[in-house]
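Okay, so here's the structure we're looking at.
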Amino acid sequence: MTITYSDRIFWVRVGFGVLTGALSDLLFYSDYASAIAFAVTIYVVTFYLVKTLWGGKMKPEDQRKLYTAGTGSYVLLFLFFWILLFTLQVHLLHL
């Protein structure tokens, strides 16, 4: 079983979704607008990251996956970790 480029894109976005959710809690605690703007910015960064890494290697008909692969997982994991850490009040630990 080989790992396709869309699989790699998916897992990159999953990782960034978790990381962005955690950083949003630590950096923006209750400033919701800034946290969401940060998440959108990081998503755009992941687009350019995967486009640079694998965009030229993908078939032309698969180029759409640069935008769509892992989008739902990114959003849901961002929200899950942001809400989880906010609820647990991890930001108060001053890690």
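Values quoted throughout were computed directly from the atomic coordinates according to the rules given, and no laboratory measurement underlies them. On a predicted model such as this, the values are computed, not experimentally measured, just so you know. When we count neighbours, we look across all protein chains shown, and the Cβ atoms used for this are built from the backbone with ideal geometry, even at glycine.
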>> Any residue that is loosely packed, with under 15 Cβ neighbours inside 10 Å, farther than 21 Å from residue 4 by Cβ, under 9 Å from the mean Cα position of the chain (by Cα) and not charged (D, E, K, R) - is there at least one of those in segment 80-94?
In response: no
> Across segment 1-34, what is the total count of residues that are surrounded by fewer than 16 Cβ atoms within 10 Å (Cβ to Cβ), among the hydroxyl-bearing types (Ser, Thr, Tyr) and outside any loop (DSSP other than H, G, I, E, B)?
Replying inline: 2
>> Can you pull out every residue in segment 1-37 that is in contact with a Leu (Cβ under 7 Å, 6 or more places away or on another chain) and of a type in the set (Gly, Ala, Ser)?
In response: 17, 21, 22
> Which condition number in (1) of a type outside the set (Ser, Thr, Tyr); (2) free of Cβ contacts under 8 Å to residues at least 40 places away in the same chain; (3) exposed (fewer than 14 other Cβ atoms within 10 Å of the Cβ) is the one that residue 57 fails?
Replying inline: (2)
>> Can you pull out every residue in segment 31-54 that is touching a residue at least 24 places away in the same chain (Cβ under 8 Å) and closer than 11 Å to residue 82 by Cβ?
In response: 35, 39
>> Considering only residues that are at positive phi and in a helix (DSSP H, G or I), which ones fall in segment 36-93?
In response: none
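Out of everything in segment 35-48 that is hydroxyl-bearing (Ser, Thr, Tyr) and either surrounded by fewer than 15 Cβ atoms within 10 Å (Cβ to Cβ) or in contact with a strand residue (DSSP E or B) (Cβ under 9 Å, 6 or more places away or on another chain) (or both), what residue ends up being farthest from residue 75 (Cα to Cα)? Outline the logic, then answer.
Keep residues of segment 35-48 that are hydroxyl-bearing (Ser, Thr, Tyr), which gives 41, 43, 46, 48.
Adding the requirement that they be either surrounded by fewer than 15 Cβ atoms within 10 Å (Cβ to Cβ) or in contact with a strand residue (DSSP E or B) (Cβ under 9 Å, 6 or more places away or on another chain) (or both) leaves 41, 48.
Working: 41: 12, 48: 17 Å.
Only one residue fits best here, namely 48.
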> Does segment 30-50 hold any residues that are under 10 Å from the mean Cα position of the chain (by Cα), of a type in the set (Phe, Trp, Tyr) and over 13 Å from residue 67 (Cα atoms), and which are they?
Replying inline: none
